[in-house]
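Every number in this text was worked out from the coordinates using simple rules, so none of it is lab data. Everything numeric here is computed off the predicted structure, so don't read it as measured data. Cβ placement follows ideal geometry from the backbone for every residue including glycine, while neighbour counts extend to all protein chains displayed.
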Amino acid sequence: MKDQTSTLTHNQKRILAALSQAPMSKTDLMERLNLTESPVLSNLRKLKAKGLVYVAGSRPNHATKPSPLYGVHVHHASPLEDQHKARIGKNAHRRDAITAAIQENGEPMTAAEIASWLQIDQSLVNSAITHYRQGGRCTDVFRIWSWVYVDKPRCGWTPQYGFGPGRDATKPPVDKRKYMAIWRERNRAKIRAAEAARRLAENGKASAAENPFWQLLTTVGVQDHSVKRKAHRAPEVESA
């Protein structure tokens, strides 16, 4: 039966899920699934050919001939339920892996540390933690044990997660002066590196501007003295 349902379309799975609740007629399915008559009849015909749907009876109709009632041989879950179960299964597997990582490490870990420990993408760790914390409202599985201040990739307080129920640790207040000082220093370093590369390119040393070692020197404020000496010697050559 699994092999037959794996190739079904989304509407066919919806029809099977609806018929699993109770036998229905064509009109019932149209109203229940918000579909027109053509796709309902077409999909019912295909499902009957696969042996998934059968005529369970009929409903009297005084205007026309009795309407057939369709039923299914086994219960079928809705496509949304299947997706939800699959998502729960993936998150449960990641929950166990994250729990094991925290227990093996012996202390709370940030999402980046857990991802590095498990050698997976950090977004997967964040997704699993958010799922079991329900957006931060539930702390029965993972809770914030403490906060750590990090400078990279973005400076600020980052939560360290632990396993088990309890209240989240209070987030420390943001030191705006320290944050702005770090932000200004980063921008100054970028401006100095860009200015040094521009000067070197103007003096015919574009290759030196691409040298990582030279970029490091210019970032910390070391200047090219040879360029200065060359600039001072230029008037002497012209006078000669």
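Distance between the modelled labels on D96 and R177, one decimal in nanometres: 5.2 nm (7 Å Cα→Cβ projection). Compared with the alpha-carbon gap, the fully stretched path from A49 to A77 is longer by 8.1 nm at 0.36 nm per residue.
Please arrange F163, F142 by how many other C-beta atoms lie within 10 Å of their C-beta, fewest to most.
On the way: F163 16, F142 25.
By the 10 Å Cβ count, ascending, the order reads F163, F142.
Where does each of S58, S25 land when they are ranked from fewest to most other beta-carbon atoms within 10 angstrom?
Working: S58 13, S25 18.
Neighbour counts put them in this order, fewest first: S58, S25.
What is the diffusion coefficient of the range 1-76 in µm²/s, taking the Kirkwood radius over Cα pairs and the Stokes-Einstein relation at 37 °C with a viscosity of 0.692 mPa s?
Numbers: Rh = 12.5 Å.
Diffusion coefficient, whole number: 262 µm²/s.
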